[in-house]
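The structure appears below as structure tokens.
Derivation of every value follows stated rules applied to the coordinates shown; laboratory data play no part. Note that the structure is a prediction, hence the values are computed from the model and not measured. A quick note on method: Cβ atoms are made from the backbone with ideal geometry, for glycine too, and the neighbour counts reach across all protein chains shown.
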Amino acid sequence: MAQKKDQFQKFTNSDVAETFSEYSPSTREKLFRLRELIFETAKEIQGVGRIEEVLKWGQPSYITPESKSGTTIRIDALKGDSKEYAMFFHCQTDLIARFRKLYPKTFHFEGNRSIIFSESSKLPEKEIKQCISFALTYHSDKKKK
């Protein structure tokens, strides 16, 4: 397991690192994977640039500060004793509506702001990366239209 952890993007924000340390080990592992999918996807898309990891509303958040191509993506465990966690998107975008059309049976959505995952379920990584891609290019795509 130590070898796998070494592959993770290093934390540059101590507040985010502290937040991750507070999750249960099983939730932390799942959130680490979402985090890595964000960084991986950003590297694959021309024009997105550097991803900055910050804490917004107490949640690890991912922004495109240089290109401003995307909207914020946040990840967090759901509160309480739940074994669920989520990827959050700005509620005033049409991203969740798009995701619902593309993946109506793949994801569990909450309102117009999040995709909910269960710790016991396998992540549909290809589909998640597509959703991340839409978020990381949200503003640049709107400018093209």
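Please work out the FRET efficiency for the pair ASP141 and THR12, using the Cβ-Cβ distance as r and a Förster radius of 41 Å; give the result to the nearest 0.05. Calculated value: 0.90.
Please go through the stretch 6-84 and write out the GluC sites (Glu not before Pro) that DSSP classes as loop and that have at most 13 other C-beta atoms within 10 Å. For GluC sites (Glu not before Pro) across the stretch 6-84 that sit outside H, G, I, E and B with at most 13 neighbouring Cβ atoms in 10 Å, the list reads GLU22, GLU66. Membrane-span-like helices in the chain, defined here as complete DSSP H runs extending at least 20 Å along the helix axis by their C-alpha atoms with mean Kyte-Doolittle hydropathy no lower than 0.0, are absent; this is a sequence and geometry rule, not a statement about a membrane.
Within the stretch 7-95, the chymotrypsin sites (Phe, Trp or Tyr not before Pro) that combine a DSSP coil assignment with at most 14 other C-beta atoms in a 10 angstrom radius are PHE8, TRP57.
Using a simple spin-label model with pseudo-atoms 7 Å out from Cα toward Cβ, SER120 and LYS83 lie 0.5 nm apart. Pairwise Cα distances in the stretch 14-140 exceed 25 Å for 17 percent of all pairs.
Among 131-140, 103-112, what's the highest-first ranking by average C-beta atoms within 10 angstrom per residue?
Averaged packing, sorted descending, gives the order 131-140, 103-112.
Legend: residue pairs LYS68/LYS101; LYS10/LYS126; LYS101/LYS129; LYS30/LYS129, Cα-Cα distance threshold 18 Å; pairs beyond threshold, LYS68/LYS101; LYS10/LYS126.
In the elastic network of the chain, a GNM with C-alpha springs shorter than 10 Å, the most mobile of SER120, SER69, SER61 is SER120. Annotation: extensible slack from HIS90 through ARG33 equals 18.5 nm (criterion: 0.36 nm per residue apart, minus Cα-Cα distance).
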